[in-house]
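Working notes, structure below.
The values are calculated or read from the model by the stated rules, or taken from the named source; none is laboratory data. It should be emphasised that the depicted structure is a prediction, and the values quoted were computed from it without experimental measurement. Backbone-built Cβ (ideal geometry, glycine too); neighbour counts: all protein chains shown. The accessibility values were calculated without ligands, DNA or RNA, using every heavy atom of the protein model including side chains. Shrake-Rupley method; radii C 1.70, N 1.55, O 1.52, S 1.80 Å.
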Amino acid sequence: MVGPSLRPENKVVLEHEHLQQLFDLLSKRGYRILGPTIRDQAIVYDELNSVEHLPVGWTDEQDGGTYHLKKRDDEAVFGYVVGPHSWKKFLLQPETRLWQAKSNPAGFNVTEGKEETRKSAFIGVRSCELHAIEVQDKVFMAGEYVDASYKSRRESLFIVAVNCTQAGGTCFCVSMKTGPKVTSGFDIALTEVTDAKRHFFLAEAGTAAGVELLQAVSHREASDQERAAAENAVEECSKRMGRTMNTMEIKELFYRNYENPRWDDVASRCLTCGNCTMVCPTCFCTTVEDFTDLSGEMAERRRRMDVCFSVDFSYIHGGSIRYSPKARYRQWMTHKLATWIDQFGVSGCVGCGRCITWCPVGIDITEEARAIREREQIHKAVA
Ligand code: SF4
Ligand code: SF4
């Protein structure tokens, strides 16, 4: 049954079977539901029709260059952390046609490219990911040049966030002050509590739309004990982070260390494959390419995601300015942890750990930052 009148500050309990009601109501309101599901032995984000497509009873094990799925001994719905996908692919399409021109007897007919316009509901967004979306909002909506399609998707988005109760082996959101508890930017936030005796979701609304939806789903008021259990689960997670990052004066550290010998060390291991940028939820680089067909009657301009690890990305009139792997890795990490702060007022790293897990040679951004700091101290001591 539907519970008592709900205010945004209320926390209510949903049972497992109520999640399907949430899905159904979002569908009825015209939302395309996107969330975690298992594909190719990983938890990825895709379109979902039913809660049965969620990775119920699965967890992931992550370390540098390592990712495995494993069965849990319970029916937890969100008992894993983040996989190789981030939400950015739904907000900024990986490839899009900006316009197409076709010749006709009178000249050219130019049409603008069409993009997915259905409004979306993201299910299972973690705190670090909410911070990453906030970062991309600054890039695409806050400056002088607003990306109209990003803005329209973003403004019609409904977010069901999930507080993390389990930390991944490569997570370091606590160091970056981006998790594991969601604090803003969601319509509904869930905390899943699962132990030997109970399995429930503590839900709270963050917006009027969230209040309205929760009100329509069967729920009951949370007891003090249930609230405490949920708080405790998130608190325990924050003590079990797989990695840490020392952020003290981190911007200044990188600005002082363009010539630190550690850049040569990491460059000798880095394959410049760009995986780290592709999985990173904040990386936003794109390139624009022009194409013509063989008949010469059609031309079009496309925008696609690009990475700062490609030599072409920094091509400026006659050559690349970041030709060496060292220059490219240094650019990526210095942008994430230092220049991004001057550019957007926040760090470009939210501590999700994806770049560590999905680097084929296990290069670890936290370890590299630590090594740069240590080498600088050694250099100072001997100088
Ligand atoms: S750090 Fe790892 S993932 Fe990134 S480009 Fe180098 S080898 Fe690829
Ligand atoms: S730099 Fe690495 S840890 Fe930081 S947000 Fe990007 S993928 Fe996540």
(message) Charges at C-beta only: +1 for Lys and Arg, -1 for Asp and Glu. How large is the resulting dipole of the chain about its Cα centre, in Debye rounded to 20?
(response) 620
(request) Name the most mobile residue of P84, P360, P261, meaning the one with the largest mean-square fluctuation, in a Gaussian network model of the chain with Cα contacts below 10 Å. (result) P261
(request) Would you kindly derive the ³J(HN,Hα) couplings of the range 29-40 from the backbone phi angles with the Karplus curve 6.51 cos²θ - 1.76 cosθ + 1.60 (θ = phi - 60°), listing them in order in whole Hz, with x for Gly and Pro? (result) 7, x, 7, 7, 8, 10, x, x, 7, 8, 8, 6
(message) List the residues, sorted by chain then number, that are 5 or more residues from C171 or on another chain and whose placed amide H is less than 5 Å from its amide H.
(response) G242, R243
(request) Roll a 1.4 Å probe over the protein heavy atoms and report the accessible area of C273 in Å², nearest 10. (result) 60
(message) What does the extension gain come out to for K151 and N246, with contour length at 0.36 nm per residue minus their alpha carbon separation?
(response) 30.8 nm
(request) Note down the magnitude of the dipole of the range 218-282 about its Cα centre, charges +1 on Lys and Arg C-beta and -1 on Asp and Glu C-beta and zero elsewhere, to the nearest 20 debye. (result) 240
(request) Would you kindly derive the ³J(HN,Hα) couplings of the range 173-186 from the backbone phi angles with the Karplus curve 6.51 cos²θ - 1.76 cosθ + 1.60 (θ = phi - 60°), listing them in order in whole Hz, with x for Gly and Pro? (result) 5, 4, 4, 8, 6, 10, x, x, 9, 7, 10, 7, x, 10
(request) Enumerate by residue number the GluC sites (Glu not before Pro) in the range 232-325 meeting two conditions: DSSP loop (anything except H, G, I, E, B), and at most 10 other Cβ atoms within 10 Å of the site's Cβ. (result) E259
(request) Have a look at L34, L157, L294 and tell me which one the Gaussian network model of the chain (Cα, springs below 10 Å) gives the largest fluctuation. (result) L294
(message) Output wanted: per-residue J couplings in Hz (rounded whole) for the range 195-203, from phi through Karplus 6.51 cos²θ - 1.76 cosθ + 1.60, θ = phi - 60°, x for Gly and Pro.
(response) 9, 4, 9, 8, 8, 8, 10, 7, 10
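What does the extension gain come out to for A196 and A371, with contour length at 0.36 nm per residue minus their alpha carbon separation? List each step's numbers first, then the result.
Values: separation 175, 0.36 × 175 = 63.00 nm, distance 4.27 nm.
Contour length minus Cα-Cα distance gives 58.7 nm.
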(request) Summarise the accessible area of the chain (1.4 Å probe, protein heavy atoms) by the percent that is carbon and sulfur. (result) 51
(message) What FRET efficiency comes out for H379 versus T117 if R0 is 45 angstrom and r is the Cβ-Cβ distance? Round to the nearest 0.05.
(response) 0.25
(message) If I take every Cα pair under 8 Å that is 6 or more residues apart in the chain, average their sequence separation and divide by the length, what percent do I get for the relative contact order?
(response) 22
(request) May I ask for the distance between the Cα centers of the range 292-330 and the range 112-170, given as a whole number of Å? (result) 26
(request) Please work out the Kirkwood hydrodynamic radius for the chain, using every pair of different C-alpha atoms, and report it in angstroms with one decimal place. (result) 22.6
(request) With a 1.4 Å probe and every protein chain left in place, tell me how much accessible area T111 has, in Å² to the nearest 10. (result) 60
(message) I'd like the accessible area for Y315, computed on protein heavy atoms only with a 1.4 Å probe and all protein chains in place. Round to 10 Å², please.
(response) 130
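State to the nearest 20 debye the size of the charge dipole of the range 310-383 about its Cα centre, where the only charges are +1 on K and R beta carbons and -1 on D and E beta carbons. Write out the running numbers ahead of the final one.
Working: 10 positive and 7 negative charges, 21 e Å.
I would put it at about 100 debye.
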(message) 5 Å is the cut-off here: which amide hydrogens, built 1.01 Å from N in the peptide plane, fall below it relative to A76, excluding neighbours closer than 5 in sequence?
(response) G57
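Q41 to F291: extension gain in nm, 0.36 nm per residue of separation minus the Cα-Cα distance?
Details: separation 250, 0.36 × 250 = 90.00 nm, distance 3.58 nm.
Here the answer is 86.4 nm.
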(request) Name the long-range amide H neighbours of D46: under 5 Å, sequence gap of 5 or more, or other chain; modelled H, no Pro or chain starts. (result) G35, T37
(message) Just to verify a number: FRET efficiency for E15 and D137, C-beta to C-beta distance, R0 = 41 Å, to 0.05?
(response) 0.75
